[in-house]
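The values are calculated or read from the model by the stated rules, or taken from the named source; none is laboratory data. Note that the structure is predicted; figures quoted are calculated from it, not measured. Cβ placement follows ideal geometry from the backbone for every residue including glycine, while neighbour counts extend to all protein chains displayed.
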Amino acid sequence: MDLRFTPEEIALRDEVRAFCKTAQPESIRRKLILGQHLAREDYVTWQRILDAKGWGAPHWPREWGGKGWSAVQLYIFNEELQRAPALLPDLHNTGQVGPVIIAFGTEKQKRRFLPRIRNLDYWFCQGFSEPGAGSDLASLKTSAVRDGDDYVVNGEKTWTTYAHMADWMFALVRTDPTAKKQKGISYLLIDLKTPGVTIRPIITMGGVHRINEVFLDNVRVPVENRIGEDNRGWEYAKYLMGNSRTNVVRLGLARAHVERAKQLATHVMVNGTPLSENERFREKLAAVEIELKAIEITIMRIVAERMKNPGYQQDPKSSILKLKASELHQIATEILLEVAGPLAMPAQPEFLELETDLSIGPGWAASAAPTYFMNRSWTIAGGSSEIQRNIIAKRILGL
Amino acid sequence: MDFDLSEEQRLLKESIDRLMRDRYGFEQRKVYARQPDGWSRELWRQYADLGLLGLPFDPQYGGFGGGPVETMILMEAFGKALVLDPYFATVILAGGCIRIAGSEAQKTALLPKIAEGKLLGAFAHSERDSRYDLADVQTTARKDGAGWVLDGEKTVVIHGDCADKLIVSARVSGGPRDEDGIGLFVVDGKAAGVSRKGYPTQDSLRAADIALKGVKIAAGDVLGEPGKAYAHIERVAQSAIASLCAEAVGGMQEMLDITVEYLKTRQQFGVPIGSFQALQHRAVDMLVATEQARSMAMFAAMMIDEKDPVERSKAISACKVHIGKSARYVGQQSIQLHGAIGMTQEYKVGHYFIRSTMIEMLFGDTDHHLAALAKAGGLIAPASAA
Ligand SMILES: Cc1cc2nc3c(=O)[nH]c(=O)nc-3n(C[C@H](O)[C@H](O)[C@H](O)COP(=O)(O)OP(=O)(O)OC[C@H]3O[C@@H](n4cnc5c(N)ncnc54)[C@H](O)[C@@H]3O)c2cc1C
C-alpha cells in the first residue's frame, strides 16, 4: 500500500501543469480566476487546444481520438486542469453523450459525431429533465411518434444547461406510452436548428443565464439519430450515470476555492489584523481542508478499485463521492463569500459578463456571491443528495 | 498509488481476523474482562507466538519488522473485536518509546522481551493538569550521582497497573510547559518509591494513577539524552494516534454493520424500521463517515514515516480530528437508531460507542488537534497571488 503517486503519474501531472501554464490563453485564465462568465468561443478555443494536444477526450479509446487513459491518469489530468484553473473537457459532451455513442452508436453515428464532439464542432446539451420529471426522471412525457423515417417530437425539456450555446441536444423521449415507464423511453440526438425548437432562458439567482427551457413542437428527428434500439434509452442513460459521477466530483475546483480563500484572507483586515490570522477563521478552514483530504483519498481508493475492472460500469460507491464532494463545493464557496464579506454585496452582472472592465471594489469579490448562489445546484443537479442517499441505502447497505 | 495489501500483509490480516473471530467473540470478551488483570494472559501468549507483540520492531530485536500498515491492520481488527489487552500500552507506547528513543543496549535488552510476551509496559506521561499538552510535565528528575531520582504523580496511565516497566517522563530542567528539559526514564513497576492505584476505565480497560517518591534510576535507564525527549514523545504520540485511528475505524465499521443489521430486523408499524427513509439516510451518513475515516486512517499510517516534522504533525492532527468527529457521529447515531436496546450494557453497540468516546480523549481531542492544525496553517497552502 502506498498512497503516493508513482514517478510516471507525477510526470503526467507535471506535463499537464506545464501545458496549462503555456497553452491556456491568459484571457480565459483571468476570467476563471475572477469568476467572470465565459463566452462560447472560450470553451471552444480551449477544447480545440486540448484536442490538438490529444487531450480532448482522454478517457475515450484511442480509436476515437482518446488516450485510453486509466482512471488514475484521468483523475490526475482533471485535478491539474482544475487547479490551473483551466476548463475541463465539457461534461455533457465528451463525458456523457460521447461515451454513449461509443458504446451503443452505429459505425456511421460514431464517424459523424465523435470527432465533432471532441473538438466542439457539435456542442450537445442534455435534455433529460422536464417540468414534471426531475428526480423521477423515468416519468418523462416528451413524446416521439414514428412517422416514416422520422420521429415527431413534442414536449418540454427544462433546466437545460447551455442549451442557448448548444448545437444539439441528447434527449430522452417517450416512444412507447403503454410500456412500464422505464421501458418506453428512447435516446435521440436532436439538432437544435430543426424547426419547432424554441429555447427560452431561465435566469437563476444573481441574474445568471446558464439554464433554459427547451420547447419541442412537432420537431422532426431522423430515425438515424436514435442511439441504439427503440425503447431502450433508459438503459443507455443509466449506463453513464454511475460512471460519470467520479468525473463530476471535480474536487480540484473546491480545493482551488480554498486555496484562493486563504490567499485573499491575507488581504482582508479584521480589527487591524489580516483575516488569515484569525483563529476562528483558521479553524473553520482547517476543518474543511481535513474533509477535503479525506474525500481525496476516498476518491483515489474508488478509482484504484475501478482500475481493476476497466471499462464503464455502475458503481454505487460513486454516490458517496457525489454526496460528499458536492457538499464540500458548497462549503468552499461559502467560505469565499465570507472572506469577501460586505465587499460581496454590490450586484455587478456587467462586470461578470465582461461588459465593463471596472468593478465596484476589488474584482475578486464581484463573483463571490453569485458563485455561492450558483453552487447550491451541486446538491440538486445530476441526482440530488437525497437521491444519492437512497441509492447508497439500497445498493450498498441493502436497506 | 496503490491501495492493495502485499501478500504478507494479506496473510497477516487473515490470521489476525481468524484469531479474533475464534477467540474474541463478545461473550468470550466478557470472560476475559472478569479475569484478575481484566484481560487474558493466555491470549497474550498466543499474540507472542504469532509475532504480534513484536509487530513494529526490527527483526534484530526479535520483531516482525512491520511498518505502519501492519499496525493499522492489527489495530483495526482489535477495534472490531474491542480488545481489552495491554497491546496499545505495551507495544505501541512503551515499545514505541524504546524503539524511538532507546540506545542499542536498551533496545536489545527490552524489545525482545516485549515481543516474547515476557514484559508488559506502560507510558506514564500524563499528569493531573497536563490535559493534552505533551510538554506539560511537572514530575521532576533530579541528578543523583551517575543516576537520577524521580518525584511526582502520573495519572490515567493506560494499563499502568500491570506493567512490568513504566516509561516515565520527568522534567530535568526548565519551566513546567517547556518542550526543552524533559527526560524519559525506564522504571521498574515494583521499584521502591513507586505506588500504583489501578482502576477500570469507562471502556472496561484498565489504568492506574502512579505516585513516584524518590525513585532511584540508574544512568543506563535513561532513554536518549535527558532533557531532549520531547521530540521522541511527540513521535510516540503520533504513532499512537495513527494506531488509535485504525482501532476507531474497526469500531466504526462494526457499529455501522450492527446498526444496519438491526434496521433490517427490528419491526415497528408492521415493517422493518430500515424501510423508513429518515433512518436509511442516517445510516448512509454513518457509512460515509466511516469510509472517510478509513481514508484518514490510511493517511495517518502513510504520514507516520514522513520526514518533514511539520507536515507529519499537521497530517496526524488532521487524522485525529477527522476520526474524533466521525467516530462521535457514528457512535451517537448507532445508539439512536437502536432505541432503548442500544442503551443497555447487555448489548454490544454501546461498548463500541464507549470505546470510541475514550479514543477521542487519548492524545488530544478534536478541538485540541483542530486548533493545532489551524495554528500550523492547515493542510492546503494559499494560492499564489494573482
Ligand atoms: C443548475 C442546474 C443545471 C441543470 N442542468 C440540467 C441539464 O443540463 N439537463 C437536464 O436534463 N437537467 C438539468 N438539471 C436538472 C436536474 O437534473 C434536476 O434538478 C434534478 O434531477 C432534480 O429534479 P427537480 O429539480 O425536479 O427536483 P425534484 O425531483 O422535484 O426534487 C425536489 C426535492 O425533493 C427531493 N426528492 C425527490 N425525490 C425524492 C425521494 N425519492 N426521496 C427523498 N427525497 C426526494 C429532492 O432531493 C429535492 O430536495 C439542472 C439543474 C440545475 C439546478
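Some points to look at:
- Subset of region B:155-195 [among the basic types (Lys, Arg) and touching an Asp or Glu at 6+ places or on another chain (Cβ under 6 Å)]: B:ARG177
- A:GLY68 fulfils the conditions (1) crowded, with 19+ Cβ neighbours inside 10 Å; (2) more than 16 Å from the ligand (Cβ to nearest atom); (3) under 23 Å from A:ILE302 (Cα atoms) except for a single criterion, (1).
- Yes/no for B:ASP58 being more than 14 Å from chain A (Cβ to nearest Cβ) and of a type in the set (Asp, Glu): yes
- So A:GLN348, is it more than 16 Å from the ligand (Cβ to nearest atom), outside the structural domain of A:PHE128 (by TED's automatic domain parsing), at negative phi and surrounded by 15 or more Cβ atoms within 10 Å (Cβ to Cβ): yes
- Restricting region A:1-20 to residues that are modelled with pLDDT under 95 and exposed (fewer than 12 other Cβ atoms within 10 Å of the Cβ), the residue that is nearest to the other protein chains (Cβ to nearest Cβ): A:ASP2
- Check on A:ILE28, surrounded by 18 or more Cβ atoms within 10 Å (Cβ to Cβ) and among the β-branched types (Val, Ile, Thr): yes
- One residue from B:SER169, B:SER204 being touching a residue at least 60 places away in the same chain (Cβ under 8 Å), outside the structural domain of B:LEU362 (by TED's automatic domain parsing) and within 23 Å of B:PRO56 (Cα to Cα): B:SER169
- Of the residues making up region B:196-222, just one is exposed (fewer than 13 other Cβ atoms within 10 Å of the Cβ) and among the polar types (S, T, N, Q), namely B:GLN202.
- Every residue from region A:91-116 that is within 16 Å of the ligand (Cβ to nearest atom) and in contact with a helix residue (DSSP H, G or I) (Cβ under 8 Å, 6 or more places away or on another chain): A:LEU91, A:ASN93, A:THR94, A:GLY95, A:GLN96, A:VAL97, A:GLY98, A:VAL100
- The criterion of at least 1 residues that are of a type in the set (S, T, N, Q) and in contact (Cβ under 8 Å) with a residue 12 or more places away in the chain is met by the following strands (runs of 3 or more DSSP E) wholly inside region A:141-192: A:143-147, A:150-161, A:185-191.
- Residues (away from the ligand (no atom under 12 Å from the Cβ), touching an Asp or Glu at 6+ places or on another chain (Cβ under 7 Å) and within 25 Å of A:GLY383 (Cβ to Cβ)) located in region A:124-154: A:LYS141
- Residue within region A:360-382 that is within 14 Å of chain B (Cβ to nearest Cβ), in a helix (DSSP H, G or I) and within 13 Å of the ligand (Cβ to nearest atom) present: yes
- When restricted to residues that are surrounded by fewer than 23 Cβ atoms within 10 Å (Cβ to Cβ) and in contact with a Pro (Cβ under 9 Å, 6 or more places away or on another chain), region B:276-303 contains 2.
- B:THR290 passes every criterion in (1) within 30 Å of A:GLN263 (Cα to Cα); (2) within 13 Å of chain A (Cβ to nearest Cβ) apart from (1).
- Residue check for B:ALA248: more than 7 Å from chain A (Cβ to nearest Cβ) and under 20 Å from B:ILE16 (Cβ atoms): yes
- Residues of region A:174-195 satisfying the condition of being farther than 15 Å from A:ALA163 by Cα and more than 16 Å from the ligand (Cβ to nearest atom): A:THR175, A:ASP176, A:PRO177, A:THR178, A:ALA179, A:LYS180, A:LYS183, A:GLY184, A:PRO195
- The conditions of being closer than 22 Å to B:SER40 by Cα and among the aliphatic types (A, V, I, L, M) are met by B:LEU166.
- None of B:ASP22, B:ASP49 is farther than 15 Å from B:GLY117 by Cβ and either in the same structural domain as B:MET255 (by TED's automatic domain parsing) or out of contact with any strand residue (DSSP E or B) (no Cβ under 9 Å at 6 or more places or on another chain) (or both) except B:ASP22.
- Considering (1) over 25 Å from B:ALA81 (Cα atoms); (2) in contact with a Phe, Trp or Tyr (Cβ under 8 Å, 6 or more places away or on another chain), the lone condition that B:GLN280 does not fulfil carries the number (2).
- Selection from region A:267-314 of residues that are more than 17 Å from A:ALA254 (Cβ to Cβ), of a type outside the set (D, E, K, R) and within 7 Å of chain B (Cβ to nearest Cβ): A:ALA304
- Qualifying residues in region A:383-399 (those that are assigned to a loop (DSSP other than H, G, I, E, B) and within 16 Å of the ligand (Cβ to nearest atom)) - the one modelled with the lowest pLDDT: A:GLY383
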